[in-house]
Every structure is written in C-alpha cells, then in structure tokens.
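Colleague: Let me begin by handing over the structure; questions about it come next.
The values are calculated or read from the model by the stated rules, or taken from the named source; none is laboratory data. Keep in mind it's a predicted model, so treat the numbers as computed, not measured. FYI the Cβ positions are ideal-geometry reconstructions off the backbone, even for glycines, and counts take in every protein chain you see. Quick note on the areas: whole protein, heavy atoms, side chains included, nothing else; ligands and nucleic acids left out. Shrake-Rupley method; radii C 1.70, N 1.55, O 1.52, S 1.80 Å.
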Amino acid sequence: MSAMYVVQSFTSGKKGQMLPDSPVQAQNTNHARRIAERLAVRKALVVAFMREGNPKTGEYEDAKLIEAFGDVPEEVREMDRV
C-alpha cells in the first residue's frame, strides 16, 4: 500500500460558491499540514487529506482528514482523521 497526501484549496466564487483550485501533492502529513496553513491565509477553504491504496490498481481507501481551514463543510468535519 502507498499513501498519497493532497492539499485542496478553494476560492470563493459568485453567490458563495466554492471553486476548487488545482490540488497540491505533499510528501507526508507534516508537509501537507504546512502547505494547508500557508494557503489558509488567502483561501476560503483548504482541506489537507491522505489516502492509502494501490496506485497500480487504482484502489484506494476513503480519504482521512489531516487538517481543514476556513468555511469547512459538515462532511469534511465528519471525516476520519489521520
């Protein structure tokens, strides 16, 4: 199994919509947390998460939350944590 660490940020759009920015891949949990903290200063929402799985088969477990900043939706708050 292999772990994938991703930081996804969002920008506020018209009528309160959250527009996704390009995801950023991190090296590990601490790196993802640091990236998320930096982005949180200027983004409406930032979510750092990790997924474990097999890149060869494309089978991954559910994402686990590392950190979230901003206007965090309920479904993100309810995620399992790392």
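Colleague: Restricting to the stretch 45-63, name every residue that is touching a residue at least 12 places away in the same chain (Cβ under 8 Å), in a strand (DSSP E or B) and open to solvent by 70 Å² or more (accessible area, probe 1.4 Å).
Modeller: Once the filter is applied, which keeps residues that are touching a residue at least 12 places away in the same chain (Cβ under 8 Å), in a strand (DSSP E or B) and open to solvent by 70 Å² or more (accessible area, probe 1.4 Å), the stretch 45-63 yields ARG51, TYR60.
Colleague: If you don't mind, there's one more thing I want to ask. When the residues of the stretch 12-35 are filtered to those that are part of a loop (DSSP other than H, G, I, E, B) and at pLDDT 95 or above, which remaining residue is surrounded by the fewest Cβ atoms within 10 Å (Cβ to Cβ)?
Modeller: Top of the filtered list is SER22.
Colleague: What single numbered condition from (1) under 15 Å from VAL6 (Cα atoms); (2) open to solvent by less than 50 Å² (accessible area, probe 1.4 Å); (3) part of a loop (DSSP other than H, G, I, E, B); (4) not charged (D, E, K, R) fails to hold for ALA68?
Modeller: (3)
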